[in-house]
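So the structure is just underneath, and the comments pick up after that.
Laboratory data are not the source of any read-out in this text; all were calculated from the coordinates shown. From a predicted model like this one, the values you see are computed outputs, not experimental measurements. Cβ sites come from the backbone with ideal geometry, for glycine too, and all protein chains shown count toward neighbours.
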Amino acid sequence: MPVSAPTCLAGAPVALPMLRAVLRGLGHSVLRRPHRRVSASGSRGWCNGGGDGEGRPGPRRAQDGRACFTTPIFYVNAAPHIGHLYSALLADALARFSRLRAKPPPGPGPAAPLVRFSTGTDEHGLKIQQAAAAAGLTPSELCDRVSAQFRALFQEAGVSVSDFLRTTEARHRRAVHHFWGVLRARGLLYKGLYEGWYCASDECFLPEAKVTWRPGPDGESRPEALESGHPVCWMKEENYIFRLSQFREPLRQWLQDDPQAVTPEPFRLVVLQWLEEDLPDLSVSRGNSHLYWGLPVPGDPMQTIYVWVDALVNYLTVTGYPDSEHKVWWPTTHHIIGKDILKFHAIYWPALLLGAGMTPPHRIYVHSHWTVHGQKMSKSLGNVVDPWTCLDRFTVDGFRYFLLRQGVPNWDCDYYEKKVVKLLDAELADALGGLLNRCTATSLNPTGIFPEFCPSCFPSVEGVTVAPAKAQPEDYALVRSVSALPLQVENYYENFQIYKALEAVSTCVRQTNSFVQRNAPWKLNRENLADAQWLDTVLHVTLECLRVFGLLLQPVTPALADKLLSRLGIFETERGLRDICFLPRYYGQPCPFEGRRLGPDTGLLFPRLDKSRARLAKVHST
Ligand code: MSP
């Protein structure tokens, strides 16, 4: 089998034209795939014991609800930016959602965790070796410094990882060496001469067609990667080579058997397209005279293991590989990755796994990139957005909400500050915060008790007009929307459309505000029994809606959701997704919150960022 350079791996500019072509070819339907019908009228949403209705789509997770989520491990050549944080937050939201779903009912004894979530830093390779030299540091000093920055950022941003792996750790070395040994024992590695272009920044090989010559600052022509613009150099040496070419059919089979293996769909099509092209064997080591900063090939210390093989095995290391416990976790693994590293994850990694006699990952969720004023973020352009500044300025929950609400996996998204302020003020401060404020105000609810629902004012059969029935068709529409919301949100999470889940919540928040506005509880007279019953019913329905919103927002805005739920008096043990059970009184069931004291008022749910408009609004209202 001739060894040629595998294509460079879909950096943003590489993947997009192909992706666009695929999309063009398929029309819009791919992106607008209809979701399974959600229960609407009369649906109780999720209730204790009854949640997992038939027809509910779901990932093929382990029977016991175990799931393992991973972020890519981050290069330590430079400080983290908001793109890295976005990758981590997507994974965090999925992991948190999964935990809420798996939340065990309260009972004695600590329950074993069913959800694992790992991240870490990718510390070996030429890129790091060169970055350290440029910074006048040893590689290990650079790794310690930048790895700590990633760790601190994720901690600050509430990224709820259960494991932070550094590829320089001993447990990882053991896993990589074991994995290498398995591949070798299965006859999948051979030694051969590799000759071709290598891009250290992208840590990948490039075929001739992906290399261009451009004049450098001194006017002299230099070879560089066509898409990323990073310098490349010619390499010729004897390496270990993995028989990747044998895996074309098994990979196709895997993608065909499991249409959700790579999600969203356009990215799966891109991978299938790659499988139609040349799939040469893959060089998986370097001579250590070029690359000393890495793991040596077992039994051949003159060769260093290719950094991508080293890095990908991190996903096994965190499951306990090679110890047998990894078998419990591995088949449940969901990778969250950026589109630039799709080929590594959806071709090389599954092929390596199949080669080692293991199954490919359960899911690969792919997202696009953040640009700044339409441009790719880069140190050389000086437009890198610092995530700490953003967390500071917009608050942790605010910035998490922004990135996840605006980030659409299928497309690149553009970042600018005004957009953040506008979104957060409209959706968190005004719509959600305003709703909570209004309905817990002592003027409307002087006792501070979760008010009573009056079934005769809001009969469960729509259309009753006899007093004291007061509910109008729009009010029933609200109940239907909020009843259907949890299942809708779950569907969106399953399809890696967190932004749509947030949009759906936001639409319901708006609908609830209209409900309050329409029924104007402030115009009702508490002294009059009929008015008082309806007033309490309007407040009860609104607080129930807020409870559902709070529960569903937990994976994205954990602190804000906690504040909201605590204000409503919802206990910690009542915050799992199984506990949603929206508006039980409407369905003739007891409501555990009714008559319960609300939690203390701890101030605005989300203070407006644009204070000038807040002031203006005040002036107008006086
Ligand atoms: N070290 C490899 C991953 C190895 S995983 C076995 C790597 N590291 S990275 O630091 O360059 O990128 C980590 C993640 O950040 C990738 O998912 C990448 O797509 C993502 N992002 C980098 N820039 C980004 C944006 N501008 N926007 C969104 N995500 C971005 O690749």
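Across every pair of different alpha-carbon atoms, what Kirkwood hydrodynamic radius in Å does the chain reach? Walk me through the numbers before you get to the answer.
Numbers: mean 1/r = 0.0377 Å⁻¹.
Every distinct Cα pair counted, the radius reaches 26.5 Å.
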### Query
In what order do 211, 318 fall by count of nearby beta-carbon atoms within 10 Å, going from fewest to most?
211, 318
### Message
Which of 186, 480 has the fewest other C-beta atoms within 10 Å, and how do the rest follow up to the most?
### Response
186, 480
### Message
With n ≥ 4 as the cut-off for DSSP H runs, can you work out [θ] at 222 nm for the chain, using -39500 (n - 2.57) per run divided by the number of residues, rounded to the nearest 500?
### Response
-12500 deg cm²/dmol
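Any of 127/343; 418/611; 127/327; 376/611; 379/500 with alpha carbons more than 21 Å apart? Name them for me. It would help to have the intermediate numbers written out before the result.
On the way: 127/343 19 Å; 418/611 13 Å; 127/327 33 Å; 376/611 31 Å; 379/500 32 Å.
Pairs exceeding the cut-off: 127/327; 376/611; 379/500.
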### Task
Report, by chain and number, residues whose modeled amide H sits under 5 Å from the one on residue 295, excluding near sequence neighbours (fewer than 5 apart, same chain).
305
### Task
Return the Cα extents of the stretch 419-613 along principal axes one, two and three, sorted largest first, each rounded to a whole Å.
46, 38, 30
### Summary
The answer for residue 222, listing residues at least 5 apart or on another chain whose modeled amide H is closer than 5 Å to its amide H, is 214, 216
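I need 413, 233, 508 ordered by Cβ neighbour count within 10 Å, fewest first. Present the calculation step by step, with values, prior to reporting the outcome.
Values: 413 17, 233 12, 508 21.
The fewest-first ordering by Cβ neighbours comes to 233, 413, 508.
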